[in-house]
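The values are calculated or read from the model by the stated rules, or taken from the named source; none is laboratory data. No experiment lies behind these values; they were computed from the predicted model shown. Quick reminder, even Gly has a Cβ in these numbers, built from the backbone with ideal geometry, and neighbours come from all protein chains shown. Just so you know, the surface numbers come from the protein's heavy atoms only, side chains and all, with ligands and any DNA or RNA stripped out. Shrake-Rupley method; radii C 1.70, N 1.55, O 1.52, S 1.80 Å.
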Amino acid sequence: MNAKLRAIIAACVLCLASGCLPEQPVQVRPLPAPAPEQPAANLPNKLHQRNWTGRLNQGSCVHASLVNHLRWLNEYELGERWRATYSDGEWDSRLRSRLDAADIDYSYTVKADPRFLDWATATRRGAILWWKPAHCCTFVGWVNRDGRQFAAILDNNYPGRFELTPREQFVRLWAGYGGFALTVLDDPASSLPYRSYEVIQ
């Protein structure tokens, strides 16, 4: 056996001993994505902020709604600072002034425009809005059930659940309560993870 052949055999033995055989390609196939999470701004129950009574013995529903909204937008510390700073009743122009003073970017409507809520759902941000007499809640997105669309609302007087109202009825009532809604322009929490592929045996 000549030296060249011995070297080739030695190299093959070394490859076998060290596991250097070429790997077989792994075959995978994609799995379909799940249906989008509903509601889109699905804040976990443990993070739902309950309304509280402020120094003037008034409810703090606007601030509680904003705290819920900020928590969903990964601004938990900002939400806690807001809760520690503000309480009692609030109105839309003063709220916007306070957001401006805190250098918080936002978008809003005062015309009960359902396209604003369509956008808040599509971007998964949600919003706060006037809902029910003299009250503010967190809009967490449109929800589809049995071929109908409903507004999903987190009411800070009843944390731990979402209330559903048919879209047409909701928009009509929302307009009657003043038509105000506001969304802070931060990124929402990540979508729920899911397995996107499986290995073919």
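Add +1 for every Lys or Arg and -1 for every Asp or Glu among the other residues with Cβ under 12 Å from the Cβ of Gly178, and state the total.
On the way: positive: Lys111, Lys132; negative: Asp92.
Combined, the nearby Lys, Arg, Asp and Glu give +1.
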Looking only at the stretch 70-90, which residues have a backbone nitrogen under 20 Å from a spot 7 Å from the Cα of Asn57 in the C-beta direction?
87-90
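If you take every residue apart from Gly141 with its C-beta less than 11 Å away from the C-beta of Gly141, what net charge results, scoring Lys and Arg +1 and Asp and Glu -1?
Details: positive: Arg124, Arg125; negative: Glu37, Asp118.
In short, 0.
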Whole-Hz Karplus couplings 3J(HN,Hα) for the stretch 125-134, θ = phi - 60° and coefficients 6.51, -1.76, 1.60, Gly and Pro as x, run 8, x, 6, 10, 7, 6, 8, 6, x, 6
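What length, rounded to one decimal in nm, is gained on full extension from Val28 through to Trp119, with 0.36 nm per residue of separation minus their alpha-carbon distance? All intermediate terms of the calculation are to be shown ahead of the outcome.
Values: separation 91, 0.36 × 91 = 32.76 nm, distance 3.57 nm.
That pair, Val28 and Trp119, stretches by 29.2 nm at full extension.
What is the local net charge at Thr123, summed over the other residues whose Cβ is closer than 14 Å to its Cβ (Lys, Arg +1; Asp, Glu -1)?
-2
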Quick one: what are the phi-derived ³J(HN,Hα) couplings along the stretch 34-49, Karplus 6.51/-1.76/1.60 with θ = phi - 60°, whole Hz, x for glycine and proline?
x, 4, x, 4, 10, x, 5, 9, 7, 4, x, 3, 5, 9, 5, 8
Using a 1.4 Å probe over the heavy atoms of the protein chains, calculate the carbon and sulfur portion of the accessible area of the chain as a whole percent.
54
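Going by the alpha-carbon gyration tensor, a ≥ b ≥ c the square roots of its eigenvalues, is the stretch 83-131 rounded (a/c under 1.5) or, if a/c is not under 1.5, prolate (a/b greater than b/c) versus oblate? Display every interim value, and only then the final one.
Numbers: a/c = 2.01, a/b = 1.68, b/c = 1.19.
In terms of gyration-tensor shape, prolate.
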For the stretch 53-59, in residue order, the Karplus 3J(HN,Hα) values (coefficients 6.51, -1.76, 1.60; θ = phi - 60°; whole Hz; Gly and Pro = x) are 8, x, 5, 8, 6, 10, x
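Find how much the distance from Ala35 to Arg81 grows on full extension, using 0.36 nm per residue of separation minus their present alpha carbon separation; answer in nm with one decimal.
On the way: separation 46, 0.36 × 46 = 16.56 nm, distance 3.51 nm.
Length gained, Ala35 through Arg81: 13.1 nm.
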Would you pull out the residues with amide H under 5 Å of Asn74's amide H, same chain only if 5 or more places away, H placed 1.01 Å from N?
Ala189
Zone residues, the stretch 135-160, relative to Asn45, backbone N less than 12 Å from point 7 Å out along Cα-to-Cβ:
159-160
